[in-house]
Amino acid sequence: MTGIDLSQKLTDFTQQLVNGVAAGTFYALIALGYTMVYGVLRFINFAHGDVFMVGAFAGYWLTPLLMPHFAGHLAPFGICLVLFLSMAICALLGIVIEKLAYRPLRTQPKLTVLITAIGVSLLLEYGGQFAFGSDPKPFPPLFEDSTLEVHGIFIQYSQIIVVGVTAALLVALSFIVKRTRLGLAMRALSNNATAASLVGVNLDTVISFTFGLGSALAGAAGILYSIYNPSIAPLMGIQPGLKAFVAAVLGGIGNIPGAAVGGLIIGIVETFVGGSSFSSYRDAIAFAILIVILLFRPAGLFGRAVTEKV
Amino acid sequence: MDRLFHSKKFWLLLALVLAAVASQLSGHINDYYLYVIKIAGINIILAVSLNLINGYTGQFSLGHAGFMAIGAYVAAYLSKEKSAGLFHLLGGGSPALVVLFVGVLLAGGLLAAVAGLLVGVPSLRLKGDYLAIVTLGFGEIIRVIIQNTDAVNGASGYGGIAGYTTLFWAYGCAAVTIYVVTSLIDSTYGRGFLTVRDDEVAAEAMGINTTKYKVLAFVLGAFFAGVAGGLYAHATNYIHPSRFDFQVSILVVVMVILGGMGNTAGVSFAALLLTFLDEWLRFVPKYSFVPEFLRPIGNNRAIVYSLVLISLMLLRPQGLFGGLRAFGGRPSRQALKAG
């Protein structure tokens with residue numbers, strides 16, 4: 001009897017874990033953008049969650065436009081094209097936001113930039129509502145989803161695709177950051193901006209590139225999120241954006257692998273809380289984690305504490 | 001005579017008398033207008049109290065709606081469920097009602113102040129954008145907790161609250177808030193708040209207890225936000241957790257920034273301006289002179305605030321009236337440099 005109970009519990013646990021990992025990938029992808037921008041500019045890009053929303057809407061607009069040309073065996077190429085074009089649109093948006101709103105304020109106090117970022121965030125949210133209306137829209141299905149059963153654990157194909165694409169993007173990102181000149185420049189800038197510019201790193205280019213890269217990842221998260229939860233609305237970016245920020249802080253802000261791990265942790269914890277008797281506190285748990293982290297280990301799980309020089 | 005005009009107590013008394021007179025005459029005003037005017041007064045309290053935290057002390061908080069929610073729910077719960085016995089005990093009639101209303105407002109304010117203490121403590125370790133997110137998180141946590149509290153109907157909203165908030169209460173409390181905050185800023189405490197904002201390290205080196213001032217700013221700011229919440233609950237008669245989400249905090253932040261951080265007069269004016277602008281924008285779809293494509297703005301008024309925020313930050317980061325000493329402003333060093 002107890003044996004059956006135990007195996008049932010184990011199955012439930014694994015099922016929750018699977019769902020949690022899938023949910024965590026979105027947070028991880030968004031958190032990467034927060035962390036990279038923080039790395040180079042030392043400020044929180046409040047509007048980042050809304051770039052994620054724009055990614056979802058780009059997919060909503062591109063899918064009916066492109067998918068009819070990719071029937072049958074070509075469908076995976078169509079999906080990739082939708083994904084890449086949405087990422088490109090978001091990258092462009094990120095670069096434009098930085099250029100118009102943040103660059104003129106680079107020498108201003110950080111608070112001024114933060115307030116501007118809140119403004120940009122509101123503009124995207126309510127501009128989106130203005131343009132698309134506030135009612136949720138059904139995201140067109142990119143492929144036929146079905147469920148796989150492994151030892152009593154149900155895995156959706158969309159979950160596999162979401163996790164697979166995220167893993168591929170993470171590999172690509174780590175290649176860019178570690179093996180390319182721009183990646184090197186990015187790391188140099190986040191290490192010491194003044195020294196980097198002294199040795200000839202073009203700050204403007206690198207900052208634009210960082211915004212583009214982070215926003216592209218947020219755009220990808222938008223598409224993957226909509227495949228998984230096919231209902232999109234202009235305000236959909238607010239909560240995932242805030243929680244992904246928590247994920248970035250949890251992993252140690254400025255730390256790229258940390259952001260990915262932090263995202264997965266937040267996704268898993270949230271799924272477990274959602275499945276427990278405290279399910280109605282699901283939306284508060286990320287913030288509780290944030291407060292605990294900032295009180296006890298403000299540098300995050302993988303970050304190194306920085307002593308402030310006066 | 002000149003001394004009289006410089007005395008804050010004189011202005012406080014005058015404001016209270018005017019509020020009482022206006023309250024007596026308010027019977028002739030259309031209910032909707034009256035409601036909006038009351039909300040404007042409540043928004044003054046919110047903006048002036050947030051200005052104490054954000055403007056004078058330089059601790060950027062995005063959680064004001066959370067404090068307001070606590071005040072609103074505590075005051076509404078006490079006046080609806082717990083006050084009947086007390087009302088009879090006090091002998092009934094309007095004097096008892098006054099005592100009761102002051103009591104529930106204070107209770108709401110005090111509980112919000114306790115929450116402010118809880119938020120103020122992490123603020124000792126955090127700065128700038130981190131603090132902004134933590135306070136935002138606190139606000140959201142408070143909202144989720146209220147949603148899960150059955151005593152106040154949780155997510156279905158809490159209705160049937162008596163309409164005790166008259167013009168006198170809304171503007172009387174606003175006057176008291178302005179009086180307390182301006183008196184505080186002109187006192188030793190005020191110097192403390194301002195030094196924390198301008199240069200925390202230098203302040204600490206001079207032996208100023210910066211911890212004390214930061215926590216004090218949060219506790220006082222939260223107290224007044226709680227009172228504003230209580231007034232709001234008794235003005236609308238129905239409250240719901242979604243009415244205290246972080247959009248509300250942002251709206252108050254916009255008031256503070258528009259008025260100029262660290263400028264009570266400017267911030268009060270901005271609160272009035274934005275309340276009326278917000279209500280006016282609701283009616284935009286009904287005006288024939290507004291082109292068709294602009295009409296959805298009635299439901300998406302935050303677009304206007306976002307444009308106000310961005311253009312202010314790019315063109316005039318010290319706010320409309322910030323940096324003007326003539327307006328009783330206390331511009332920060334950065335604002336002085338920028339202006």
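The values are calculated or read from the model by the stated rules, or taken from the named source; none is laboratory data. None of the values given here were measured: they were computed from a predicted structure. Using ideal geometry, Cβ is built from the backbone for each residue, glycine included, and neighbour counts are taken over all protein chains shown.
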query: Do we find that A:G127 is touching a helix residue (DSSP H, G or I) at 6+ places or on another chain (Cβ under 7 Å), buried (at least 22 other Cβ atoms within 10 Å of the Cβ), at pLDDT 90 or above and under 26 Å from A:A56 (Cβ atoms) in this structure?
result: no
query: What residue, of A:I266, A:I285, A:I256, is modelled with pLDDT of 85 or more, out of contact with any Lys or Arg (no Cβ under 8 Å at 6 or more places or on another chain) and either within 14 Å of chain B (Cβ to nearest Cβ) or closer than 26 Å to B:V121 by Cα (or both)?
result: A:I285
- prompt: Taking segment A:177-203, which residues are assigned to a loop (DSSP other than H, G, I, E, B) and under 13 Å from A:L41 (Cα atoms)?
  reply: A:N192
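How many residues are within 28 Å of A:A172 (Cβ to Cβ) and among the charged types (D, E, K, R) if we restrict to segment A:241-290?
Residues meeting the conditions: 2.
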task: From the list A:S174, A:S121, pick out the single residue that is surrounded by 17 or more Cβ atoms within 10 Å (Cβ to Cβ), in a helix (DSSP H, G or I) and either within 18 Å of the chain's Cα centre (by Cα) or within 14 Å of chain B (Cβ to nearest Cβ) (or both).
output: A:S121
statement: Of (1) farther than 18 Å from A:Y225 by Cβ; (2) among the hydrophobic types (A, V, I, L, M, F, W, C); (3) touching a Phe, Trp or Tyr at 6+ places or on another chain (Cβ under 7 Å); (4) away from chain B (no Cβ under 14 Å), A:I79 satisfies every one except (1)
- request: Would you point out which residue out of B:N237, B:N263, B:N300 is within 15 Å of the chain's Cα centre (by Cα) and of a type outside the set (A, V, I, L, M)?
  value: B:N263
- prompt: Has segment B:290-312 got any residue that is among the basic types (K, R), at the interface with chain A (Cβ under 9 Å from one of its Cβ atoms) and over 25 Å from B:W169 (Cα atoms)?
  reply: yes
message: Take the residues in segment B:139-168 that are touching a His at 6+ places or on another chain (Cβ under 9 Å) and within 11 Å of chain A (Cβ to nearest Cβ); name whichever of them is farthest from A:D283 (Cα to Cα).
response: B:A155
message: So, in segment A:103-117, exactly how many residues are closer than 23 Å to B:L251 by Cβ and more than 7 Å from chain B (Cβ to nearest Cβ)?
response: 2
- line: Within segment B:113-132, the residues that are part of a helix (DSSP H, G or I) and not small (G, A, S) are B:V114, B:L117, B:L118, B:V119, B:V121, B:P122, B:D129, B:Y130, B:L131
field: Failed criterion for A:I155 (all others in (1) in contact with an Asp or Glu (Cβ under 9 Å, 6 or more places away or on another chain); (2) of a type in the set (V, I, T); (3) in a helix (DSSP H, G or I) hold)
entry: (3)
message: Considering only segment B:223-231, I want to know if a residue exists there that is over 12 Å from B:F67 (Cα atoms), touching a helix residue (DSSP H, G or I) at 6+ places or on another chain (Cβ under 6 Å) and not basic (K, R).
response: yes
field: Wholly within segment B:147-248, helices (runs of 4 or more DSSP H) carrying at least 1 residues that are in contact with a Lys or Arg (Cβ under 7 Å, 6 or more places away or on another chain) and more than 30 Å from B:V98 (Cβ to Cβ)
entry: B:188-198
- request: Would you confirm whether any residue within segment A:7-16 is at pLDDT 90 or above, out of contact with any strand residue (DSSP E or B) (no Cβ under 7 Å at 6 or more places or on another chain) and under 15 Å from A:L213 (Cβ atoms)?
  value: no
task: Evaluate segment A:147-157: report whether one residue or more is surrounded by 21 or more Cβ atoms within 10 Å (Cβ to Cβ) and either out of contact with any Cys (no Cβ under 7 Å at 6 or more places or on another chain) or farther than 18 Å from A:L264 by Cα (or both).
output: no
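May I ask you to verify whether B:R191 is in contact with a Gly (Cβ under 6 Å, 6 or more places away or on another chain) and farther than 15 Å from B:V17 by Cβ?
In short, no.
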message: It is to be established whether one or more residues within segment A:49-65 are out of contact with any His (no Cβ under 7 Å at 6 or more places or on another chain) and within 14 Å of chain B (Cβ to nearest Cβ).
response: yes
task: Could you check, for segment A:87-95, whether at least one of its residues is surrounded by fewer than 17 Cβ atoms within 10 Å (Cβ to Cβ) and either facing chain B (nearest Cβ under 10 Å) or among the aromatic types (F, W, Y) (or both)?
output: no
- prompt: Taking segment A:221-239, which residues are in a helix (DSSP H, G or I), in contact with a Gly (Cβ under 7 Å, 6 or more places away or on another chain) and crowded, with 24+ Cβ neighbours inside 10 Å?
  reply: A:A221, A:G222, A:I223, A:S226
